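The structure appears right after this line, and notes come after that.
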Amino acid sequence: MTKKIVVTGIGATTPLGGTATESWNALLAGESGARSLEHDWVAEHSLPVTFAAEAKVRPEEVLERVEYKRLDPSSQFALISAREAWADAGSPDVDPERIGVDYSTGIGGLWTLLDAWDTLREKGPRRVLPMTIPMLMPNAAAAAISMAIPSRAYARTDVSACASSTEALANAYAHLQAGLADVVIAGGTEAVVHPLPIAAFASMQALSKRNDDPTTASRPYDVSRDGFVLGEGAATLVLETEEHALARGARIYAELAGGAVTSDSFHITAPDPEGTAAARAVRDALEAAGATVDQVTHINAHATSTPVGDIAEYKALLRIFGEHLPNIPVSATKGATGHLLGGTGALEAIFTVLALYHRTAPPTINLTEQDPAIPLDVVTSPRDLGSGPQLAISNSFGFGGHNAVAAFRSV
């Protein structure tokens with residue numbers, strides 16, 4: 001028997017705000033989280049890209065000193081957003097053996113790894129901190145959350161580049177359906193606004209180089225788009241079976257109606273230009289939700305603002321929705337947040353959930369001239385979704401050909 005899985009808590013720390021609510025409000029207001037980087041290492045390394053979408057609230061302003069010192073920034077963001085989501089869910093009194101964690105990152109503890117390497121080269125092995133490995137390992141965020149909110153059913157980590165946290169949601173859905181837990185804390189995090197990733201992404205021509213105007217650099221679907229804006233932060237959702245949520249009187253935001261993952265098996269960085277496997281992920285997510293294409297009322301697109309990626313996603317959507325596609329409002333929220341890599345899917349899932357909860361599709365900013373090759377109904381100012389039944393999907397696609405889609409239904 002298929003169980004209904006619902007969202008009862010949300011939390012986020014992002015380039016737009018220190019909480020999910022602050023981030024949502026800034027998104028609706030059309031704000032941009034992209035800013036020039038005020039770090040000495042920008043000039044020191046002569047970086048070709050001098051801006052990014054850093055988290056608006058720094059972890060040291062929120063965490064206890066011992067937590068801040070013993071966690072990589074990626075785990076710091078994760079813990080902050082998870083605590084917010086748990087509190088938002090009412091801090092449910094649940095047997096820890098019935099609480100699971102499905103968390104993700106695309107890269108992991110990069111700052112810890114590279115700082116430790118610098119220490120080893122400059123000061124020798126005795127100066128390398130004993131907590132280095134526990135801080136840099138990709139599962140550190142899931143572990144930190146599972147200890148902060150006692151979660152003993154399981155604590156698992158998904159690592160599939162930019163699809164990571166949507167895949168975590170799909171796995172959480174499956175784990176709740178399988179009865180492995182009654183409540184799951186799911187989401188993703190990333191903290192790689194660091195000179196090495198900026199240099200590397202810039203070298204592969206993936207980043208926008210609009211150094212003179214960072215706030216308009218991320219421009220999904222625009223004819224002048226020239227790459228994504230690197231972002232950081234974390235987002236977390238508390239998921240549980242509807243039966244469990246109702247029994248404890250929880251507030252329900254939306255239903256996680258289904259999730260799906262596929263693989264392009266095409267290229268390590270480029271998407272399949274025809275979007276074949278990405279389309280199958282959309283189809284499979286809708287099938288898991290028991291939904292048809294004509295029931296979809298909103299799409300939160302992956303839309304990174306890269307010339308090739310935006311078109312490939314459009315072709316994938318066209319394969320599935322066909323003549324229905326022009327009638328579906330599409331939001332591309334990376335225009336405001338930048339690209340949080342492993343954390344982006346969970347953040348956009350929260351935006352999708354809030355769009356259903358508030359019946360409002362959030363805007364896509366910086367779209368001044370839409371690419372005629374992508375004739376979508378792009379939302380450029382907050383749009384009322386109406387009072388009827390709503391079904392929305394949130395897409396994520398990552399290096400390695402990873403595709404992940406989550407489907408949400410209004411309640």
Q: Evaluate segment 175-188: report whether one residue or more is among the hydrophobic types (A, V, I, L, M, F, W, C), under 20 Å from the mean Cα position of the chain (by Cα), farther than 12 Å from GLU240 by Cα and outside any helix (DSSP H, G or I).
A: no
Q) Where in segment 277-360 are the helices (runs of 4 or more DSSP H), entirely inside, with at least 3 residues that are open to solvent by 40 Å² or more (accessible area, probe 1.4 Å)? A) 307-321
**Q.** Count of residues meeting criterion [open to solvent by 100 Å² or more (accessible area, probe 1.4 Å) and within 22 Å of GLY233 (Cα to Cα)] in segment 111-133
**A.** 1
Q) Regarding GLU240, is this residue in contact (Cβ under 8 Å) with a residue 12 or more places away in the chain, acidic (Asp, Glu) and open to solvent by less than 30 Å² (accessible area, probe 1.4 Å)? A) yes
Q. Can you name the condition, by its number, that SER36 falls short on among (1) closer than 25 Å to ALA250 by Cβ; (2) of a type outside the set (Phe, Trp, Tyr); (3) touching a residue at least 12 places away in the same chain (Cβ under 8 Å)?
A. (1)
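Residue-wise test of (1) among the hydroxyl-bearing types (Ser, Thr, Tyr); (2) within 22 Å of THR368 (Cα to Cα); (3) modelled with pLDDT of 95 or more.
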{"position": "THR306", "(1), (2), (3)": "yes, yes, yes"}
{"position": "GLU313", "(1), (2), (3)": "no, yes, yes"}
{"position": "ALA316", "(1), (2), (3)": "no, no, yes"}
{"position": "ILE320", "(1), (2), (3)": "no, no, yes"}
{"position": "HIS324", "(1), (2), (3)": "no, no, yes"}
{"position": "ASN327", "(1), (2), (3)": "no, yes, yes"}
{"position": "VAL330", "(1), (2), (3)": "no, yes, yes"}
{"position": "GLY335", "(1), (2), (3)": "no, yes, yes"}
{"position": "HIS339", "(1), (2), (3)": "no, yes, yes"}
Q. Which residue out of VAL378, VAL293 is touching a Phe, Trp or Tyr at 6+ places or on another chain (Cβ under 8 Å), without any contact (Cβ under 8 Å) to a residue 40 or more places away in the chain and at negative phi?
A. VAL293
Q: Could you grab me the full set of residues in segment 33-48 that are touching a helix residue (DSSP H, G or I) at 6+ places or on another chain (Cβ under 8 Å), surrounded by fewer than 22 Cβ atoms within 10 Å (Cβ to Cβ) and part of a loop (DSSP other than H, G, I, E, B)?
A: HIS45, LEU47, PRO48
Q.
Can you pull out every residue in segment 367-377 that is open to solvent by 30 Å² or more (accessible area, probe 1.4 Å) and of a type outside the set (Asp, Glu)?
A. LEU367, THR368, GLN370, PRO372, ALA373, PRO375
Q: Please verify whether segment 114-132 includes one or more residues that are in contact (Cβ under 8 Å) with a residue 24 or more places away in the chain and farther than 30 Å from THR306 by Cα.
A: yes
Q) So which residues in segment 49-66 are farther than 22 Å from PRO197 by Cα and either open to solvent by less than 40 Å² (accessible area, probe 1.4 Å) or basic (Lys, Arg) (or both)? A) LEU63, ARG65
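The values are calculated or read from the model by the stated rules, or taken from the named source; none is laboratory data. Keep in mind that this is a model prediction, so the values were computed, not measured. Note that we place each Cβ from the backbone using ideal geometry, even for glycine, and neighbour counts take in every protein chain shown. Accessible surface is based on the protein model in full, side chains and every heavy atom, while ligands, DNA and RNA are left aside. Shrake-Rupley method; radii C 1.70, N 1.55, O 1.52, S 1.80 Å.
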